[in-house]
Amino acid sequence: MAITAADVNKLRQMTGAGMMDCKNALVESDGDFDKAIDILRKKGQKLAVKRADRDANQGIVIAKVTSDKTFGAVIMLNCETDFVAKNEEFVDFANTVIELAISAKPADLEALKALTINGRTVAEGVTDLTGKTGEKMEMAHYNCIEAPAVVAYNHFGNRLATIVGFNKAGVANFDEFGKHVAMQVAAMSPIAVDKDDVAKDVIDREIEIGKEQARLEGKPEEMLEKIALGKLNKFYKESTLLNQEFINDSKLTVRDYIQKADKELTVKKFYRLQLGA
């Protein structure tokens with residue numbers, strides 16, 4: 001496959017890696033961007049991977065929970081420009097949708113789009129807004145959690161929000177520590193609650209990347225598996241919520257912090273939505 005300058009620039013925008021590194025990775029992967037990113041990682045590149053191919057990457061993200069804190073939802077409504085994202089009608093529509101979501105508790109995005117507001121479905125409402133603004137719009141994401149206790153966090157500017165479900169209600173000072181955990185999810189972007197929740201293909205991929213990194217560093221072949229497993233443990237500490245360092249006290253893991261409130265308490269599930277991510 002012929003690799004164009006546009007392909008190289010796209011990968012560079014996605015990862016922040018150098019032009020020649022991007023070109024070589026694309027050649028080696030035969031133009032497959034996901035494989036090229038893995039190749040760059042294996043070579044030790046520090047990447048800030050971005051999605052460069054979204055058109056409607058502005059908008060609003062909102063999370064909310066029911067009054068009894070047993071159900072929480074988070075939505076992302078996309079548009080093309082920040083100007084429209086701050087439009088009063090656009091913001092009002094998003095707020096109406098999240099209120100509808102926690103009231104009706106739809107199971108998934110398609111069920112949310114089918115709900116009605118003033119005789120129009122949510123999907124039709126998005127189309128109506130598109131007609132008014134002339135911009136591409138999309139009800140892009142909806143996630144919900146039903147649990148004994150749920151907390152929501154909306155980051156300033158409504159570009160990032162999280163919901164976190166806990167296994168137990170009635171814990172003292174829940175609003176305070178629950179918010180701190182939701183802020184942890186927002187700040188540190190974990191991929192799973194605990195290491196046992198990480199998908200096998202992700203684990204296999206991290207082990208392979210760890211082996212290749214060690215191999216390129218000249219480590220003996222018989223040591224590669226052990227080194228890769230050590231890197232995997234570091235990955236768990238950085239990427240799984242309960243094993244991450246707590247952002248407000250690096251001497252504690254998030255698990256430690258939660259169990260200071262209640263020994264039986266843990267996180268059941270979380271969702272994090274961020275514009276452009």
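The values are calculated or read from the model by the stated rules, or taken from the named source; none is laboratory data. These numbers were taken from a predicted model, which means no experiment stands behind them. Methodologically, a virtual Cβ is constructed for each residue, glycine included, from the backbone with ideal geometry; neighbour enumeration extends over all protein chains shown.
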Practice item. Please state which one of Asn87, Asn143 is closer than 20 Å to Arg272 by Cα, in contact (Cβ under 8 Å) with a residue 12 or more places away in the chain and not β-branched (Val, Ile, Thr). Key: Asn143
Review point. Inside region 106-149, can you point out the residues that are closer than 30 Å to Leu265 by Cβ, part of a loop (DSSP other than H, G, I, E, B) and in contact with a helix residue (DSSP H, G or I) (Cβ under 9 Å, 6 or more places away or on another chain)?
Key: Pro106
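If I ask for residues that are of a type outside the set (Ser, Thr, Tyr) and either assigned to a strand (DSSP E or B) or in contact (Cβ under 8 Å) with a residue 12 or more places away in the chain (or both), which ones from region 57-72 would you list?
Narrowing region 57-72 to residues of a type outside the set (Ser, Thr, Tyr): 57-65, 68-69, 71-72.
Matches in region 57-72: Asn57, Gln58, Gly59, Ile60, Val61, Ile62, Ala63, Lys64, Val65, Lys69, Phe71, Gly72.
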Review point. Does any residue of region 153-174 turn out to be out of contact with any Asp or Glu (no Cβ under 8 Å at 6 or more places or on another chain), surrounded by fewer than 15 Cβ atoms within 10 Å (Cβ to Cβ), among the small types (Gly, Ala, Ser) and closer than 22 Å to Gln58 by Cβ?
Key: yes
Review point. Just to be sure, is Phe235 of a type in the set (A, V, I, L, M, F, W, C) and in the same structural domain as Met137 (by TED's automatic domain parsing)?
Key: no
Practice item. Kindly list, by first and then second residue, each pair from a residue in region 180-201 that is assigned to a loop (DSSP other than H, G, I, E, B) to a residue that is surrounded by 15 or more Cβ atoms within 10 Å (Cβ to Cβ) and charged (D, E, K, R), limited to pairs with Cβ atoms under 7 Å and residues at least 6 apart or on different chains. Key: Ser189/Arg272; Val193/Lys269
**Study point:** Conditions (1) among the hydroxyl-bearing types (Ser, Thr, Tyr); (2) assigned by TED's automatic domain parsing to the domain that holds Phe166; (3) within 24 Å of Asp38 (Cβ to Cβ); number of the one not met by Thr266
**Key:** (3)
**Study point:** Matching residues, region 159-205, being modelled with pLDDT of 95 or more, of a type in the set (S, T, N, Q) and more than 17 Å from Ala147 (Cα to Cα)
**Key:** Gln184, Ser189
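Among the residues of region 107-153 satisfying the criterion of being of a type in the set (D, E, K, R) and within 17 Å of Ile163 (Cα to Cα), which is farthest from the chain's Cα centre (by Cα)? So that I can check it myself, show each step before the final result.
Pass one, region 107-153, residues of a type in the set (D, E, K, R): 108, 110, 113, 120, 124, 128, 132, 135-136, 138, 146.
Filter once more, so that each one left must be within 17 Å of Ile163 (Cα to Cα): 108, 146.
Numbers: Asp108: 17, Glu146: 19 Å.
Per the stated criteria, the residue is Glu146.
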